[in-house]
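Before any comments, here is the structure.
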Amino acid sequence: MMTDIHKNTDNLQLWKKQFKRIFKKFKKRYHQSLKFKDIEDLHQTRVHLRKLLTLLKFLIQEDTKDENTVAGRFYTTLQNIEKALGEIRDLDVLLEDLQHLKEQVPVDKALLKVIRKLRKMKRLQIGLQLPNDYNEPLMLLWEDFMCLHLPGYICKLDAHATLLKLMAKFDSRLQKYETMKEQHGEQSPETLEALHAVRIQAKKLRYTCTYVEFALDKNYAEAARQYKKIQNWLGEINNLKVYRSEISMLLNYYTYLDSEKSQALLQHLDHQILVKQEEETLSGFTHKIQ
């Protein structure tokens, strides 16, 4: 009995240390990111948010959907901030990548101007919204969760079983992708949606194996690298699809944009999606655990 108490106490201290370390970095970057002086601040803020969301999801599991729990409200608040900042980050990345694409295909200067204008408007909106809506509630939820609720979740946690569930979910999504590809073809909406689901689960596993490794009973460093490779590959495909969708929407709305250049850009993106899909690295996949 005393051994279990000591083990839970040790685990609690490890979890507290990890939460505090990441939350401290998040707070510093978060306040800097809302000044919008360096796009890296916003990117790193979202990275730290994903780390916190990973720790929380691993611990509280289904309570992430329960607004009646402090843990659920804390998770939702962090998730809402991450999504709001993601709207700006998507425009940052789109502008950066279009600048690089100019070396391969003509890009309409008017299109870049429109995207910069949209980003400026989004920065103003979110820069006012986030502090008003979330700053004070976030700190109260953080203190409440860490002081009163974290210990209870630590006592109930079976880290190994939780990780196995995440891996099983990845395997299930991978199987669904293979089925959709066989039934509907590689370029069908059903197949691409299933592939996107694989990417999301690979990202969750990568973050879990990296930032919850202290609570696991084996070395998952190689597995984390494996999931990162899959995530990066599928992330490139997803980015290209998002770019195509965004640019198509802008062309429909801003009719004065150079149609010829933009259509050439869309065709280039379509080609790049096909090229990336041919690099598939999912065949014969097995989880690498040391």
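The values are calculated or read from the model by the stated rules, or taken from the named source; none is laboratory data. Just so it is clear, the model here is predicted, and its values are computed rather than measured. Quick reminder, even Gly has a Cβ in these numbers, built from the backbone with ideal geometry, and neighbours come from all protein chains shown.
Residue-level check: of (1) modelled with pLDDT of 95 or more; (2) over 13 Å from the mean Cα position of the chain (by Cα); (3) crowded, with 21+ Cβ neighbours inside 10 Å, K25 misses just (3).
Tell me, please, whether a residue that is outside any helix (DSSP H, G or I), surrounded by 13 or more Cβ atoms within 10 Å (Cβ to Cβ) and touching a His at 6+ places or on another chain (Cβ under 6 Å) can be found in region 105-120.
Applying the first criterion (outside any helix (DSSP H, G or I)) to region 105-120 yields 105-108.
If we keep only those that are surrounded by 13 or more Cβ atoms within 10 Å (Cβ to Cβ) as well, we get 105-108.
From what's left, touching a His at 6+ places or on another chain (Cβ under 6 Å): 105.
Checking region 105-120: at least one residue is outside any helix (DSSP H, G or I), surrounded by 13 or more Cβ atoms within 10 Å (Cβ to Cβ) and touching a His at 6+ places or on another chain (Cβ under 6 Å).
Selection of region 174-192 for residues being over 21 Å from the mean Cα position of the chain (by Cα) and hydrophobic (A, V, I, L, M, F, W, C) yields only M180.
Please find, among D158, D133, D144, D171, the residue that is within 20 Å of the chain's Cα centre (by Cα), surrounded by fewer than 19 Cβ atoms within 10 Å (Cβ to Cβ) and among the charged types (D, E, K, R).
On the way: D158 fails: within 20 Å of the chain's Cα centre (by Cα); D133 fails: within 20 Å of the chain's Cα centre (by Cα); D144 fails: within 20 Å of the chain's Cα centre (by Cα).
So the residue among D158, D133, D144, D171 that is within 20 Å of the chain's Cα centre (by Cα), surrounded by fewer than 19 Cβ atoms within 10 Å (Cβ to Cβ) and among the charged types (D, E, K, R) is D171.
Please verify whether L269 is among the aliphatic types (A, V, I, L, M) and over 26 Å from the mean Cα position of the chain (by Cα), treating the condition exactly as stated. Before you say what the answer is, go through the steps one by one.
Values: among the aliphatic types (A, V, I, L, M): yes; over 26 Å from the mean Cα position of the chain (by Cα): no.
Considered against the rule, which asks whether it is among the aliphatic types (A, V, I, L, M) and over 26 Å from the mean Cα position of the chain (by Cα), L269 comes out as no.
Name the residue that is surrounded by the fewest Cβ atoms within 10 Å (Cβ to Cβ), counting only residues in region 252-273 that are of a type in the set (A, V, I, L, M) and either assigned by TED's automatic domain parsing to the domain that holds V114 or touching a residue at least 40 places away in the same chain (Cβ under 8 Å) (or both).
Narrowing region 252-273 to residues of a type in the set (A, V, I, L, M): 257, 264-266, 269, 273.
Of the ones still in play, those that are also either assigned by TED's automatic domain parsing to the domain that holds V114 or touching a residue at least 40 places away in the same chain (Cβ under 8 Å) (or both) are 257, 264-265.
Numbers: L257: 18, A264: 15, L265: 24.
Across region 252-273, the extreme among qualifying residues is A264.
What number of residues within region 208-224 are aromatic (F, W, Y) and part of a loop (DSSP other than H, G, I, E, B)? Quick ask: steps written out before the conclusion?
The first filter runs over region 208-224 and keeps only residues aromatic (F, W, Y), leaving 211, 214, 220.
Narrowing the set further to residues that are part of a loop (DSSP other than H, G, I, E, B) leaves 220.
Of the residues in region 208-224, 1 are aromatic (F, W, Y) and part of a loop (DSSP other than H, G, I, E, B).
Would you mind stating whether L150 is touching a residue at least 24 places away in the same chain (Cβ under 8 Å), within 30 Å of F58 (Cα to Cα) and under 23 Å from the mean Cα position of the chain (by Cα)?
On the way: touching a residue at least 24 places away in the same chain (Cβ under 8 Å): yes; within 30 Å of F58 (Cα to Cα): yes; under 23 Å from the mean Cα position of the chain (by Cα): no.
No.
Is it the case that Y207 is under 23 Å from I88 (Cα atoms), surrounded by 15 or more Cβ atoms within 10 Å (Cβ to Cβ), within 12 Å of the chain's Cα centre (by Cα) and among the hydroxyl-bearing types (S, T, Y)? Taking the combined requirement at face value, the residue satisfies it. Of all residues in region 174-195, those satisfying the criterion of being of a type outside the set (D, E), out of contact with any helix residue (DSSP H, G or I) (no Cβ under 6 Å at 6 or more places or on another chain) and surrounded by 12 or more Cβ atoms within 10 Å (Cβ to Cβ) are Q175, T179, Q187, S188, L192. So which of K27, K37 ends up being out of contact with any Pro (no Cβ under 6 Å at 6 or more places or on another chain), assigned to a loop (DSSP other than H, G, I, E, B) and under 27 Å from L128 (Cβ atoms)? Result of the check over K27, K37: K37.
Of everything in region 22-50 that is among the hydrophobic types (A, V, I, L, M, F, W, C) and touching a residue at least 40 places away in the same chain (Cβ under 8 Å), the residue that is farthest from V212 (Cα to Cα) is F36.
The single residue among L195, L205 that is on the phi < 0 side of the Ramachandran plot, part of a helix (DSSP H, G or I) and at pLDDT below 90 turns out to be L195.
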